[in-house]
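Below is one structure, written out as structure tokens, with a few remarks after it.
What follows draws every value from the coordinates through simple rules; no lab data is involved. Because the structure is a prediction, the values reported are computed rather than measured. Neighbour counts run over all protein chains shown; Cβ positions are idealised from the backbone, glycine included.
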């Protein structure tokens, strides 16, 4: 697999150089991304590919199910760096329909097994709790099991966007007078389209 990826890389390098001989030199001096993209690790949802972004346009963080947890030091440091060091003022959280992380969290909850202590199980448990909390606010009379997978994916994006709005790096940036635009989007695997939810 690595050999195939390296061959594709060499081909890509040649394509870029043939279009613009200074393509790579132009990126050496630094980056000035326009937005921070928080997305899912799912290999079918690569931010730069589905937005046609060029290198340097997006600062990207990906994790299982686009989760926003304040004790996730990796995400919080990315967010802090984006806002404080890069001066980014647009943050996009993007989930997707058919998210394996969301489906796994629901499946584990329905099996009602004892919570495991491995990192993935802890994250999936927190994903479920966050989703349930959000759904209880907006559809208190309806159980998760009565909700379509499509709607659950949308609720998950909204719940994570709410977590993002309330996390300390955003609050700190706002306290310093910075205006931060936050968007929650969802990606349709079957059509390739992005949809703005929040």
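Quick notes on this structure:
- Fluctuation leader among 32, 129, 139 - the chain, Gaussian network, Cα springs under 10 angstrom: 139
- Helix 149-165 and the long axis of the chain differ in direction by around 70°, with both axes built from C-alpha atoms.
- DSSP beta bridges in the chain [antiparallel fraction, %, rounded to 5]: 15
- Rounded tilt (10° steps) of 119-138 against the dominant C-alpha axis of the chain: 70
- Burial ordering of 99, 185, fewest other beta-carbon atoms within 10 Å first: 185, 99
- Highest-fluctuation residue, 66, 18, 89 considered, GNM on the chain with Cα pairs under 10 Å: 18
- 97, 187, 155 arranged by Cβ crowding within 10 Å, fewest neighbours leading: 97, 155, 187
- Degrees, to the nearest 10: 100-111 long Cα axis against longest axis of the chain: 20
- Per-residue Cβ neighbour counts within 10 Å put 28, 60, 49 in the sequence 28, 49, 60, beginning with the fewest.
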